Amino acid sequence: MIPVLEVENLTFGYDKTKLIYDNFSITLNKGDVVSIVGESGSGKSTLFELITDNLKPLSGIIKKKKTATIYQDPYTSFHPTYSIIEQIKDVVGQKKLDADLDFYLDRLMVDKGLLYKQPKSLSGGQLQRCSILRALLLEPELLLADELTSALDNITTLEVMKLLISFLDKFAILLITHDNDLASWCSDKIIDITK
């Protein structure tokens, strides 16, 4: 099986005398769900910044396949003055929208009319589902999900996670969560980085 994410001997710290990661390694294959849990400030989101090349490790190797990220705060994921549909189209293209939009809208319980509004017109839960929609339309092999259900109610959280799990033949999920019950329910492996 070909890995979609390989992190080998990752070492990183904002202060070189206080390392957040010291020879940290992890491998995800397609179909895997791995949850990263830990206290606030322990470096969970930092790991995603390293994987997406927004931060550079002090040492170590990160190899990844096509990646999409869903962030905790959906309002920072969209430009405030453009419609949702315009921003999704800019990322995935019109052809992909025409082919697959309705399929994902139905499963994410998103009203198509919401896509023609600006982000400020949507609730946090609605906007997060639009963020998930955009990520799925990108057809990633690795899905990075940073507290993706924090803006969703319990019922929608369950439906969204069931949806994502139904596509594990297409990608692996690396999930940051404070919800230990969610992590236990959906994960093949849980890594507590505070230990």
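The values are calculated or read from the model by the stated rules, or taken from the named source; none is laboratory data. All values derive from a computational prediction rather than experimental measurement. Heads up, the Cβs are rebuilt from the backbone with ideal geometry, glycines too, and the neighbour counts pull from every protein chain shown.
Report, by residue number, each residue of region 35-49 that is hydroxyl-bearing (Ser, Thr, Tyr) and buried (at least 19 other Cβ atoms within 10 Å of the Cβ).
Initial filter on region 35-49 (hydroxyl-bearing (Ser, Thr, Tyr)): 35, 40, 42, 45-46.
Answer for region 35-49, where residues must be hydroxyl-bearing (Ser, Thr, Tyr) and buried (at least 19 other Cβ atoms within 10 Å of the Cβ): just 35.
Restrict the check to region 78-95 and report whether at least one residue is under 29 Å from residue 188 (Cα atoms) and polar (S, T, N, Q). Break it down into steps so the answer makes sense when it comes.
Taking region 78-95 and keeping what is under 29 Å from residue 188 (Cα atoms), we get none.
The answer is no; no qualifying residue exists.
Can you give me the number of residues within region 59-86 that are modelled with pLDDT under 95 and among the polar types (S, T, N, Q)?
5
Quick one: in region 1-53, of everything that is over 14 Å from the mean Cα position of the chain (by Cα) and basic (Lys, Arg), which residue is nearest to residue 71 (Cα to Cα)?
That would be 30.
Answer yes or no: is there a residue in region 158-169 that is farther than 17 Å from residue 69 by Cβ and not assigned by TED's automatic domain parsing to the domain that holds residue 47.
Scanning region 158-169, I find no residue that is farther than 17 Å from residue 69 by Cβ and not assigned by TED's automatic domain parsing to the domain that holds residue 47, so the answer is no.
From (1) outside the structural domain of residue 24 (by TED's automatic domain parsing); (2) out of contact with any Ser or Thr (no Cβ under 7 Å at 6 or more places or on another chain); (3) not in a loop (DSSP other than H, G, I, E, B), pick out the condition that doesn't hold for residue 155.
(1)
Just to verify a result, which residue in region 1-34, among those that are of a type in the set (Ser, Thr, Tyr) and modelled with pLDDT under 95, is nearest to residue 56 (Cα to Cα)? Explain how you work it out, then say what you get.
As a first pass, look at region 1-34 and keep what is of a type in the set (Ser, Thr, Tyr): 11, 14, 17, 21, 25, 27.
Right, trim to modelled with pLDDT under 95 and you get 14, 17, 21.
On the way: 14: 10, 17: 16, 21: 12 Å.
Taking the candidates together, the pick is 14.
Among the residues that make up region 45-55, is at least one of them in contact with a helix residue (DSSP H, G or I) (Cβ under 8 Å, 6 or more places away or on another chain) and either in contact (Cβ under 8 Å) with a residue 40 or more places away in the chain or within 24 Å of residue 169 (Cβ to Cβ) (or both)?
Looking for residues that are in contact with a helix residue (DSSP H, G or I) (Cβ under 8 Å, 6 or more places away or on another chain) and either in contact (Cβ under 8 Å) with a residue 40 or more places away in the chain or within 24 Å of residue 169 (Cβ to Cβ) (or both), one finds at least one in region 45-55, hence yes.
Search region 140-149 for residues being of a type in the set (D, E, K, R) and either in a helix (DSSP H, G or I) or at pLDDT below 95 (or both), and hand back the single one that is farthest from residue 66 (Cα to Cα). Spell out how you get there, then give the answer.
So the first thing to find is which residues in region 140-149 are of a type in the set (D, E, K, R), and the list is 141, 146-147.
So of that shortlist, the ones also either in a helix (DSSP H, G or I) or at pLDDT below 95 (or both) come out as 146-147.
On the way: 146: 17, 147: 20 Å.
Taking the candidates together, the pick is 147.
Can you tell me how many residues within region 115-134 are among the hydrophobic types (A, V, I, L, M, F, W, C) and at pLDDT 95 or above?
1
Could you list, in sequence order, all residues of region 139-174 that are among the polar types (S, T, N, Q) and farther than 20 Å from residue 1 by Cα?
In the first step, residues of region 139-174 are kept if they are among the polar types (S, T, N, Q); the result is 149-150, 154, 156-157, 166.
Selection gives 149, 150, 154, 156, 157.
Could you list, in sequence order, all residues of region 79-112 that are touching a Lys or Arg at 6+ places or on another chain (Cβ under 8 Å), part of a loop (DSSP other than H, G, I, E, B) and loosely packed, with under 12 Cβ neighbours inside 10 Å?
The answer is 80, and nothing else.
Kindly evaluate residue 56 against the criterion of being modelled with pLDDT of 95 or more, in the same structural domain as residue 169 (by TED's automatic domain parsing) and over 16 Å from the mean Cα position of the chain (by Cα).
Values: modelled with pLDDT of 95 or more: yes; in the same structural domain as residue 169 (by TED's automatic domain parsing): yes; over 16 Å from the mean Cα position of the chain (by Cα): yes.
Yes.
Among the residues of region 60-67, is any crowded, with 17+ Cβ neighbours inside 10 Å, at positive phi and assigned to a loop (DSSP other than H, G, I, E, B)? Explain how you work it out, then say what you get.
In the first step, residues of region 60-67 are kept if they are crowded, with 17+ Cβ neighbours inside 10 Å; the result is 60, 62, 64, 67.
The next check asks that each one be at positive phi; those that pass are 60.
This time we only want the ones that are assigned to a loop (DSSP other than H, G, I, E, B), so: none.
No.
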